Amino acid sequence: MGPEQTATTAAAAPGTQQNTRSRLIEKAARLFAERGYDKTSVADIAKAADAFPNQITHHFGGKEALFVEAARYAMLRTAKRAEDRSRDTETPESHARSLISYLLGPGSGPVMMFAEAMLLARRTPRLQDIVSRTSADLYRAGESAMVDTFIRTGWQVGATPGAITRGFWTAVLGLAVEKAALGEQFDDRNAEAVVVMLMRMNAAVESPANRPARPDEESR
């Protein structure tokens, strides 16, 4: 290999490394979703990504960290799909129902995977950081989408976009962690419970006890 070829290879290395890392995460997310954590091996993921097993060690340190990264990737994609398919809803309640019906229905696989990642990461600071960044990204993207929705629709609600978003994801992920820990799946009662919680949160903020008194009320 001549000097020019060596220089070209070295210059391409960072991009190639990033492509390999991204490919490993994408393929791992698919395999973990299809087979589960225990039945997916490092060798299986490397083969699917056209990589070597030691590249997983190089990029992630091992299977656990790759699983958490794959869960992050799948969760953020699923959250974006849920928001996109809910754009044309007509009321805040129908918007909430659309989001929840997707996340606890067709999109429940990635939600459960992320819940498992949260449980897996609870004793490992490096993995906790991935979970923390994912939660922050969910809150940030959700709040931005909520602001856009309110501007577009003119809906009036009592809670702030940030409060609604945090309440929503706290309910969904809390429920997912519970189900993951118990080895159970979501059902229709779970979806309805989350919707009712969000509607009550908004109603509580808008209730007479929580809003400023009108001038005609102050004199009473």
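The values are calculated or read from the model by the stated rules, or taken from the named source; none is laboratory data. Here the structure is a predicted model, which is why all the values come from computation and not from measurement. Neighbour counts are summed over all protein chains in view; Cβ atoms, including those assigned to glycine, are modelled from backbone coordinates with ideal geometry. Accessible surface is based on the protein model in full, side chains and every heavy atom, while ligands, DNA and RNA are left aside. Shrake-Rupley method; radii C 1.70, N 1.55, O 1.52, S 1.80 Å.
In whole Å, what is the distance between the alpha-carbon centres of the range 106-132 and the range 164-182?
12
Taking the simple approach of a point 7 Å from Cα along Cα-to-Cβ for both ARG189 and GLU90, what is their distance in nm?
Result: 3.1 nm between the two label points.
Using a Förster radius of 25 Å, what is the FRET efficiency between ARG77 and VAL157 based on their Cβ-Cβ separation? Nearest 0.05, please. Provide the component values of the computation, followed by the final result.
Details: r = 27 Å, r/R0 = 1.08.
Once the sixth-power term is evaluated, E becomes 0.40.
Accessible area per residue of the range 42-112 at 1.4 Å probe, in Å²?
On the way: 3310 Å² over 71 residues.
Value for the range 42-112: 47 Å² per residue.
When the expected Rg is taken as 2.2 N^0.38 Å, what fraction or multiple of it is the alpha-carbon Rg of the range 78-128? Display every interim value, and only then the final one.
Values: Rg = 14.0 Å, N = 51, 2.2 N^0.38 = 9.8 Å.
That ratio works out to 1.43.
When the accessible area of the range 13-56 is split by element with a 1.4 Å probe, what percent falls to carbon and sulfur?
Working: 1290 of 2620 Å².
Accessible surface attributable to carbon and sulfur in the range 13-56 totals 49 percent.
So between TRP169 and ALA43, what do we pick up on full extension, going 0.36 nm a residue minus the alpha carbon distance?
Working: separation 126, 0.36 × 126 = 45.36 nm, distance 3.40 nm.
So the chain would gain 42.0 nm between TRP169 and ALA43.
Using alpha-carbon pairs under 8 Å, 6+ residues apart, how would you state the relative contact order of the range 89-175 in percent?
On the way: 31 pairs, mean separation 23.1, N = 87.
Normalised by residue count, the contact order of the range 89-175 is 27 percent.
Show log10 I(q)/I(0) for the range 157-198 at q = 0.18, 0.26 Å⁻¹, two decimals, from a solvent-free Debye sum over equal Cα scatterers.
For the requested q values the scattering log ratios are -0.54, -0.90.
Could you report the accessible area of GLU34 in Å², rounded to 10, computed with a 1.4 Å probe on the protein chains as they sit in the structure?
120
Rank these by accessible area, largest first, 1.4 Å probe: LYS39, LYS179.
On the way: LYS39 155, LYS179 20 Å².
Largest to smallest exposure gives the sequence LYS39, LYS179.
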